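**Student:** Pasting in a structure now, in structure tokens, and then I'll have a few things to ask.
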Amino acid sequence: MGRAEARRARQGSARRTKPKQGKSGIRRLFTWKKILGTFLGVCLLGILGFIGLYLYVDVPAYGNKDARLQSNVYKYSDGSIMARSGTVNRESVPLDRIPKDVQYAFVAAENKTFFDDSGVDLKGTARGILNTLLGRGKQGGSTITQQYVKNYYLSQEQTVSRKLQEIVISLKVDNKLGKDKILAGYINTSYYGRGAYGIQAAAQAYYGVDVEKLTVSQGAYLASLLQAPNQYDWTRATKDGRKRVQERWAYTLDNMVEMHWLSKEDRAKQRFKVPQTPKPLPGLTGQTSYLVDEAKRELFAQGVDEDKFELGGWTITLGIDKKKQKALEQSVKQKLTEDLKPKIRKVDQDAQLGAASVDPKTGHIVAIYGGAGYPKHYRNNATRSDYQPASTFKPLILASAMEHNAVTQDNLPITPNTIYDGRNRRPVVGGTIPFAPPNEDEHEYGKISVQTATNNSVNAVFAQMGQDVGLERVKKTAVSLGMDGSKMEARPAMTLGSMGASPLQMAGAYATLDNHGKKVTPTLVTKAVHPVDGVDTEQQLKDPIGEQVLSRKTADTITSVLAGVVNDGTATSAVKNTAYHAVGKTGTSDDNKSAWFVGYTPKLVTAVGMFGESPKGGAQVTLKGTGGGGRVNGGGYPAQVWAAYNETVLGGDTGADFDLDTDLGAGVPPTSTPTPSNTPSSTPTPSGTPSGTPTPTRTPTSSPSQSESGRPSGRPSPSDSSSGPPTGGTTGGDTTDGGTTDGGTGEDTGGTEPNSLPNFH
């Protein structure tokens, strides 16, 4: 063996005996087999996890609260729509109401493959999850199905768990509901800006039309809005925002051409139409703003859950008669607001008027005037109860007297024919609190009947009568007729109407009189239907007509007495010469912060109150000087508005007559003149007529019979009555000592004794 061979032999032996070196730690850890195995394991776990998630996550039975919110629809009594309102401005519409071109516009703008995909864009969703994990804000790439699921079933939060839920539910919804229902749901739940949720609200908000009238160009704009509703709203958008929304509008139309949903020729004809400027929600201005608020208050008071109501979907029918409502608004305009010149006379800025009109047979409110309406005047003048009703309260004192068989200080029954002392500032007898109220304009009356005192609103008489009846009894009667007892103190000033009351409350009290003593609670809502588990259900409402709270004879007697106010009293100039039978009572507070007329016909009761309210801070101020005159009396603007309204709305009912069961009062006077009694009667007359008054020979009929002259039969002619005080009955206390007043109201302008008894015309 040569030297070379020997060397090679030694090297080979060395190689055979040298230990083998191992692989590095990293190579051992990341072998291709392990990487592949890990990857497959993760994929398997992911698949198993997704299967588990798919099995675990169900499609919710109902959408989330916000997605289910809709508008509530308010209707007039004839079924026509008055307004739509709600926390969310949405009215869901079926897909067949949306034009086909508009449907395609939404698909073209958001998800061209919608009709063919499985409901999920995996690539876009993965990108969205990655963006979320990296904190890059909102993710994109969702299909229409995913956006619908997010809007209707889930929330807008940006989390991985919410995104995974979205994927699972989208797959199930796509399989379960079908494309039409998903598209309809998406279009109806999306937010379009301007407070509009759903395409119907958006069509009204941006173009002032219902969804059926949308053009393809308008539909493309609404579809484009969904990417950035506020930034793309034309009236709010910056120059750059307007440019972008026009580009997206064009992109949407071009996609429609690409998908063969719009021809190239029609595409060329499309022009971008600038949306209209924003407007208030339909119906929530003017009087409707008050009506909607009052309807909601009524429903909540009757047990309707406020949260459920605000979800929407309710259809509420009101008793409001569209023609009567318009007539009341026009009457206020013609008789008051057109006479006001607030820029010239500052006092005219303070004049507020409220009115409520009620059907006494049903108890339904048929018309309301609450003021100038939102946003000029938020407080509803028809339901506010912070002003004094003044002498409109006086008939309730007489009603209480008759209902409780009250007697005078001379122990004789109190009836319309009872004689009282009407002297100015005459101290009240029998009370524990000194009270001597002035008559209006410090007028002296002497001995007058209750009928005449009612006609001329004589404070001295009713202050004494209230004491004779008992102030607690008077309060009890007033509360039974619907007035608020919490605003009423049983003090002498109460007899002059010093408590707070609303036109609606006074209309209810007088409606009970018109309804022969059967309680009337004025009610606005006549029907309310709402969805329960997908089925329209009618809400149970209380009956506005209640129990008998006054005897029919008492109520009808008060009606008869109130005819005198219209024919020979403080409302004569405004109401007497009307073509219909009417009765009522005026009221004017002593500081002239309020003036009233509450009156009724056989079929309609209306209360009109006028209030002095400072536009700065809402403080109560005087009405004196309003319209360029002096004191504002109840027989002025309030009675004029009342008369104009009734003249318009009664129509064929102008000949309707009162059906009265009474033989007392101005409408049906006694058949003979009673003889005055200077001493108390030892035994009150059982019939309730004053002592010395013979029982009428005529039996009362259901309606006073009329003579050819149009006067009730049995009434004397004008020459039969003297100009002096009527005789009969007894005086209500003769004390002439001075006394102090207890506050309260003054009264309407007085007058001399009437020359004749009033009639109903």
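The values are calculated or read from the model by the stated rules, or taken from the named source; none is laboratory data. Predicted model only: the values in this text are computed from it and were never measured. All Cβ positions, even for glycine, are placed from backbone atoms using ideal geometry, and neighbour counts span all protein chains on display.
**Student:** Please work out which residue is nearest to GLN451 (Cα to Cα), limiting yourself to region 576-597 and to residues that are touching an Asp or Glu at 6+ places or on another chain (Cβ under 8 Å) and assigned to a loop (DSSP other than H, G, I, E, B). Spell out how you get there, then give the answer.
**Tutor:** Step one: of region 576-597, the residues touching an Asp or Glu at 6+ places or on another chain (Cβ under 8 Å) are 578-581, 586-588, 590.
Checking which are assigned to a loop (DSSP other than H, G, I, E, B) leaves us with 578-581, 590.
Working: THR578: 22, ALA579: 23, TYR580: 22, HIS581: 18, ASP590: 22 Å.
If we take residues in region 576-597 being touching an Asp or Glu at 6+ places or on another chain (Cβ under 8 Å) and assigned to a loop (DSSP other than H, G, I, E, B), then HIS581 is nearest to GLN451 (Cα to Cα).
**Student:** Still on this structure, I have one more. More than 23 Å from VAL458 (Cα to Cα), among the aliphatic types (A, V, I, L, M) and either out of contact with any Gly (no Cβ under 6 Å at 6 or more places or on another chain) or touching a residue at least 24 places away in the same chain (Cβ under 8 Å) (or both) - does that describe any residue in region 603-618?
**Tutor:** Within region 603-618 (the criterion being more than 23 Å from VAL458 (Cα to Cα), among the aliphatic types (A, V, I, L, M) and either out of contact with any Gly (no Cβ under 6 Å at 6 or more places or on another chain) or touching a residue at least 24 places away in the same chain (Cβ under 8 Å) (or both)), the answer is yes, since at least one residue qualifies.
**Student:** Hey, can you tell me all the residues within region 211-228 that are touching a residue at least 12 places away in the same chain (Cβ under 8 Å) and under 31 Å from the mean Cα position of the chain (by Cα)?
**Tutor:** Within region 211-228, VAL211, GLU212 meet the criteria.
**Student:** Report, by residue number, each residue of region 199-247 that is of a type in the set (Asp, Glu) and buried (at least 18 other Cβ atoms within 10 Å of the Cβ). It would help to see each step written out before you state the result.
**Tutor:** The first filter runs over region 199-247 and keeps only residues of a type in the set (Asp, Glu), leaving 210, 212, 233, 240, 247.
Of everything in region 199-247, just one residue is of a type in the set (Asp, Glu) and buried (at least 18 other Cβ atoms within 10 Å of the Cβ), namely ASP233.
**Student:** What pairs come out if I take residues in region 305-331 that are within 18 Å of ILE365 (Cβ to Cβ) and pair them with residues that are among the aromatic types (Phe, Trp, Tyr) and in a strand (DSSP E or B) whose C-beta lies under 7 Å away, six or more apart or interchain?
**Tutor:** Final answer for the pair search is ILE316/TYR74; LEU318/TYR74; LEU328/TYR369; GLU329/TYR369.
**Student:** Restricting to region 624-655, name every residue that is at pLDDT 95 or above, farther than 30 Å from LYS323 by Cα and buried (at least 16 other Cβ atoms within 10 Å of the Cβ).
**Tutor:** If the condition is that a residue be at pLDDT 95 or above, farther than 30 Å from LYS323 by Cα and buried (at least 16 other Cβ atoms within 10 Å of the Cβ), then GLY625 is the only one that fits.
**Student:** Just wondering, is there one or more residues in region 248-258 that are surrounded by 16 or more Cβ atoms within 10 Å (Cβ to Cβ), of a type in the set (Lys, Arg), assigned to a helix (DSSP H, G or I) and in contact (Cβ under 8 Å) with a residue 24 or more places away in the chain?
**Tutor:** Yes.
**Student:** Right, LYS376: farther than 21 Å from GLN505 by Cβ, without any contact (Cβ under 8 Å) to a residue 40 or more places away in the chain, over 14 Å from the mean Cα position of the chain (by Cα) and outside the structural domain of SER71 (by TED's automatic domain parsing) or not?
**Tutor:** Details: farther than 21 Å from GLN505 by Cβ: yes; without any contact (Cβ under 8 Å) to a residue 40 or more places away in the chain: yes; over 14 Å from the mean Cα position of the chain (by Cα): yes; outside the structural domain of SER71 (by TED's automatic domain parsing): yes.
The answer is yes for LYS376.
**Student:** Being at pLDDT 90 or above and out of contact with any Phe, Trp or Tyr (no Cβ under 8 Å at 6 or more places or on another chain) narrows it down to one residue among ASP174, ASP240; which is it?
**Tutor:** Details: ASP174 fails: at pLDDT 90 or above.
Result: ASP240 is the single residue among ASP174, ASP240 that is at pLDDT 90 or above and out of contact with any Phe, Trp or Tyr (no Cβ under 8 Å at 6 or more places or on another chain).
**Student:** Looking at THR452, THR526, THR512, which one is surrounded by fewer than 24 Cβ atoms within 10 Å (Cβ to Cβ) and hydroxyl-bearing (Ser, Thr, Tyr)?
**Tutor:** Details: THR452 fails: surrounded by fewer than 24 Cβ atoms within 10 Å (Cβ to Cβ); THR512 fails: surrounded by fewer than 24 Cβ atoms within 10 Å (Cβ to Cβ).
Selected residue: THR526, the only one of THR452, THR526, THR512 that is surrounded by fewer than 24 Cβ atoms within 10 Å (Cβ to Cβ) and hydroxyl-bearing (Ser, Thr, Tyr).
**Student:** Select, from VAL102, VAL42, VAL88, VAL107, the only residue that is in contact with a helix residue (DSSP H, G or I) (Cβ under 6 Å, 6 or more places away or on another chain), of a type in the set (A, V, I, L, M, F, W, C) and either assigned by TED's automatic domain parsing to the domain that holds TYR192 or at pLDDT below 85 (or both).
**Tutor:** Values: VAL42 fails: in contact with a helix residue (DSSP H, G or I) (Cβ under 6 Å, 6 or more places away or on another chain); VAL88 fails: in contact with a helix residue (DSSP H, G or I) (Cβ under 6 Å, 6 or more places away or on another chain); VAL107 fails: in contact with a helix residue (DSSP H, G or I) (Cβ under 6 Å, 6 or more places away or on another chain).
Within the list VAL102, VAL42, VAL88, VAL107, the selection yields VAL102.
For every residue, the table says whether it meets (1) modelled with pLDDT under 90; (2) touching a helix residue (DSSP H, G or I) at 6+ places or on another chain (Cβ under 9 Å); (3) surrounded by fewer than 23 Cβ atoms within 10 Å (Cβ to Cβ); (4) farther than 17 Å from SER391 by Cβ.
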residue	(1), (2), (3), (4)
ASP543	no, no, yes, yes
ARG552	no, no, yes, yes
ALA574	yes, yes, no, no
THR578	yes, yes, yes, yes
GLY617	yes, no, yes, yes
